[in-house]
Amino acid sequence: MTGAPVRGSRTGRPIMALLDLLGRRWTLRILWELRGGPLTSRALRAACDEASPTVLQARLSELRGAGLVDHAPGRGYGLTDQGSELLAAFMPLYDFAEQWAKPVDEPPTTG
């Protein structure tokens with residue numbers, strides 16, 4: 001089913017535009033680091049393992065354009081309501097990853 005064009009998509013498929021945005025280097029990390037509240041550019045760069053300032057600013061600009069992140073002078077960058085909603089949608093994946101990463105104490109059973 002084709003709909004009206006959306007930000008970043010000529011096909012009108014919002015999921016494709018979102019996945020394209022989220023697949024860009026540092027995008028998910030930025031969103032994840034902002035989960036606890038706003039961070040200044042410097043604090044965000046430190047939280048992102050010293051990502052290149054150029055790339056970090058490019059991603060922040062894209063995230064701001066997408067309505068997922070905003071910037072308040074004196075507070076720094078933070079998630080918008082829509083950004084928080086997106087991050088909440090990731091929590092089941094986070095929970096899965098935590099379980100998946102745990103070492104297995106017992107060998108798998110064979111059936």
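So what's the net charge close to residue 25: Lys and Arg +1, Asp and Glu -1, counting the other residues with Cβ under 15 Å from its Cβ?
On the way: positive: 24, 29, 45, 59; negative: 20, 33, 49, 50, 62.
Value of the local net charge: -1.
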(request) Convert each backbone phi in region 39-51 into a coupling constant with the Karplus relation 6.51 cos²θ - 1.76 cosθ + 1.60 (shift: θ = phi - 60°), then list the ³J(HN,Hα) values in order as whole Hz, x for Gly and Pro. (result) 9, 5, 4, 5, 5, 5, 4, 5, 5, 9, 6, 6, 4
(message) Binning at 5 angstrom from zero up to the longest distance, how are the C-alpha pair distances of region 23-97 distributed in percent?
(response) 3, 16, 30, 27, 16, 6, 1, 0
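Hey, fewest Cβ within 10 Å first, where do 90, 96 land in order?
Details: 90 15, 96 10.
The order, fewest Cβ neighbours first, is 96, 90.
Sorted by packing (mean other beta-carbon atoms within 10 Å per residue), highest first, where do 31-37, 60-66, 97-103 land? Before the final figure, lay out the partial values.
Numbers: 31-37: 15.3, 60-66: 17.0, 97-103: 7.4.
Final packing ranking: 60-66, 31-37, 97-103.
Any read-out appearing in this document is the output of simple, stated calculations on the displayed coordinates, not a laboratory observation. The structure displayed is predicted, hence computed values, not measured ones. Because the Cβ atoms are built from the backbone with ideal geometry, glycine has one as well, and the counts that use them run over all protein chains shown.
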